[in-house]
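Below is one structure; the comments refer to it alone.
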Amino acid sequence: MTTLLYDGSFDGLFTAIFEVFEYRYKDVEIFSKENFQQENMFAEIHEVITQQEKSERVLNKLEKNIGKSGIHQLLQVFLSEDQEMEKLILSAVKQSIKHPEENILKNFAHDNILKIAKICKSVSRERHRMTAFVRFEKLQDEIYFAKIDPDFNVLPLIRKHFKDRYADQKWMIYDLRRHYGLFYDLENCEFFYPDEKIDLNRYQQKFHEEEKKYQTLWQSYFTKTNIKERKNTKLHIQHVPKRYWKYLTEKW
């Protein structure tokens, strides 16, 4: 067994996949260095150095076989952080090279492809809910701040949505679970990685004076427009699951 260790990045993974074919490894597994726990003391360890050129060669080959939509599906699998995501992506690449004449991601008779489809459905649903349930709060420096805690690493998938929708204001979205975020400054929309976790108690002290008034007004509006006789908690939870309520000002 040969174990390839990569840096945890998307390009790092596809560099590793390139090297699986480059060195003709047969019995192989891929892990990020962060998640690797050596159980087989006899396994051969191969440390991968991320090389964008190698990554792009694999992705360009894949795009010819499964299209841009197929690449997007594999990105979703990567962002799912599923324990088997490296194994599933490697399996898809191998099948694509073996059967270049067909889009192997539509072969749901194959167990790994079916798993990929299920993961993509879950990630896509989470991405959609993040675009619907994110709430921004205005800070003293006129930047609108939002915190999220998604089940999957969907921040890269919602980047374009928020950049297009809120192009006229500065904003930040911070992933509480993964400790990184997006910052838009009216020109660029870039990822940022704080050295320390954001202290939410201190951040609330930086609210703009208008923010608390707005929150109170918004909560009052929902209270007064709520019709008790038409309350259907079960249906409401189906559309707005409880785990998203922490984002919604009207639920505080």
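The values are calculated or read from the model by the stated rules, or taken from the named source; none is laboratory data. Since the structure is predicted, the reported quantities are computational estimates derived from the model, not experimental observations. Don't worry about glycine lacking a Cβ; one is built from the backbone with ideal geometry, like all the others, and counts go over all protein chains shown.
Residue 138 meets each of the listed conditions (1) under 30 Å from residue 167 (Cα atoms); (2) out of contact with any helix residue (DSSP H, G or I) (no Cβ under 8 Å at 6 or more places or on another chain) apart from (2). Considering (1) of a type outside the set (Phe, Trp, Tyr); (2) at pLDDT 95 or above; (3) buried (at least 18 other Cβ atoms within 10 Å of the Cβ), the lone condition that residue 122 does not fulfil carries the number (3). The criterion of at least 1 residues that are closer than 28 Å to residue 150 by Cβ is met by the following strands (runs of 3 or more DSSP E) wholly inside the stretch 1-79: 2-6, 28-32. In the stretch 153-167, is there at least one residue being surrounded by fewer than 16 Cβ atoms within 10 Å (Cβ to Cβ), under 21 Å from residue 188 (Cα atoms) and among the β-branched types (Val, Ile, Thr)? Looking for residues that are surrounded by fewer than 16 Cβ atoms within 10 Å (Cβ to Cβ), under 21 Å from residue 188 (Cα atoms) and among the β-branched types (Val, Ile, Thr), one finds none in the stretch 153-167, hence no.
Does residue 10 count as at pLDDT below 95, within 27 Å of residue 175 (Cα to Cα) and surrounded by fewer than 20 Cβ atoms within 10 Å (Cβ to Cβ)? Judged against the criteria, residue 10 is not a match.
Going by what's in this entry, would residue 80 be described as in contact with a Ser or Thr (Cβ under 9 Å, 6 or more places away or on another chain), within 23 Å of residue 123 (Cα to Cα), among the hydroxyl-bearing types (Ser, Thr, Tyr) and surrounded by 13 or more Cβ atoms within 10 Å (Cβ to Cβ)? In short, yes.
Identification of helices (runs of 4 or more DSSP H) wholly contained in the stretch 81-181 with 3 or more residues that are under 23 Å from residue 62 (Cβ atoms), touching a residue at least 12 places away in the same chain (Cβ under 8 Å) and not hydrophobic (A, V, I, L, M, F, W, C) yields 85-98, 111-133.
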